[in-house]
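Working notes, beginning with the structure itself.
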Amino acid sequence: MNSKTHITADTLFEGNISCSQHAVGYRFSVDSVLLAHFIKPKKNNSILELGTGCGIIMLILLYRWNGVVKKITGIELQSSLATLAKENIKANGYEPLVEIINGDIKRIRSLVGAESYQIVVSNPPFYPVDTGRVNSNIEATRARHQVLGTLDDFLVAAAAAVVNRGSVYFIYPAELIGEFIALARKRKLEVKKLQFVYSYPQEGKNAELVLIQCVKNGGVQVEVVAPFYIYKNKNGLYSRAMEKFYDLNLADTK
């Protein structure tokens, strides 16, 4: 059966956000939730998301920063996901604030205006082609592997779209932070803030992911904030910090 005809309904914040996803295919993970909560927009900021998937990052931002964000544009190459993102935005009542573009981030200059967003955000494909575990579903493979765009492609697009001194936010594997910093600097995106993400506290355990804020033409000083733990312990429940990302009563918004 075609994954496009099988949809699951997921919610966040006690059902205040609904997000439909393909039962088989790309499905958002904790990466997107972490990244959405790492961003702190200012009043009337315009935000661009590169590779928007089903739209979960936009939904979280619009819900948490209602009245702050001026508009969000999402670019998604896979038409099945672009359609799903549009449906999710409509279902949550955010149509007036959002534009979904079914297009290729490698053609960024033909899709959006140069230096027209205060914030650019992306949860890009992590893995080069022929590395990592490959999903048999093409939609999921394209979202997680760099089949349709490399990290540098996403950085080039971000640099083209963000205003001077604007912020660019990414999440990426912690072990590849050196590559990220080198490529970002090449595109005049200076890393300004890092938060390393661990599955759970354990001596000697390496970080798995890193949340990154870059500033276009920013200085070289970097803030490394306290580490983030997803779980309390191995095979345990979510940490208190992670619970806040899902629970309306615990959420630290503004």
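The values are calculated or read from the model by the stated rules, or taken from the named source; none is laboratory data. All figures in this text were calculated on a predicted structure; none of them were measured in a lab. Ideal geometry is used to build each Cβ from the backbone, glycine not excepted, and the neighbour counts take in all protein chains shown. The protein model used for the area step is the full one, side chains on, heavy atoms only, and it has no ligands, DNA or RNA in it. Shrake-Rupley method; radii C 1.70, N 1.55, O 1.52, S 1.80 Å.
Observations
- Residue count for the stretch 16-51 satisfying the condition of being open to solvent by 10 Å² or more (accessible area, probe 1.4 Å) and touching an Asp or Glu at 6+ places or on another chain (Cβ under 8 Å): 5.
- Single condition G93 does not satisfy, out of (1) surrounded by 16 or more Cβ atoms within 10 Å (Cβ to Cβ); (2) on the phi > 0 side of the Ramachandran plot: (1)
- When the stretch 145-156 is limited to residues that are under 21 Å from C214 (Cα atoms) and touching a Lys or Arg at 6+ places or on another chain (Cβ under 7 Å), the one that is modelled with the lowest pLDDT turns out to be G149.
- Candidates S116, S122, S110, S79 - the one that is open to solvent by less than 70 Å² (accessible area, probe 1.4 Å) and more than 19 Å from S167 (Cβ to Cβ): S79
- One residue stands out in the stretch 1-41 among those that are within 27 Å of A207 (Cα to Cα) and basic (K, R): the one that is modelled with the highest pLDDT, namely K40.
- Only one of the listed residues (G53, G67) is closer than 20 Å to Y172 by Cβ, small (G, A, S) and modelled with pLDDT under 95. That residue is G53.
- Top-ranked residue in the stretch 182-200 [being within 21 Å of I47 (Cα to Cα) and open to solvent by less than 20 Å² (accessible area, probe 1.4 Å); ranked as nearest to the chain's Cα centre (by Cα)]: L194
- One residue from R142, R133 being at pLDDT below 95, surrounded by 14 or more Cβ atoms within 10 Å (Cβ to Cβ) and over 15 Å from the mean Cα position of the chain (by Cα): R142
- Hits in the stretch 65-85 - residues which are part of a helix (DSSP H, G or I), touching a residue at least 40 places away in the same chain (Cβ under 8 Å) and under 15 Å from the mean Cα position of the chain (by Cα): L81
- Exclusive hit being open to solvent by 70 Å² or more (accessible area, probe 1.4 Å) and either part of a helix (DSSP H, G or I) or in contact (Cβ under 8 Å) with a residue 24 or more places away in the chain (or both), set E203, E179: E179
- The listed residues are I105, I101, and the only one of them that is buried (at least 21 other Cβ atoms within 10 Å of the Cβ) and modelled with pLDDT of 95 or more turns out to be I105.
- Condition met for G236 (in a loop (DSSP other than H, G, I, E, B), within 30 Å of E115 (Cβ to Cβ) and without any contact (Cβ under 8 Å) to a residue 60 or more places away in the chain): no
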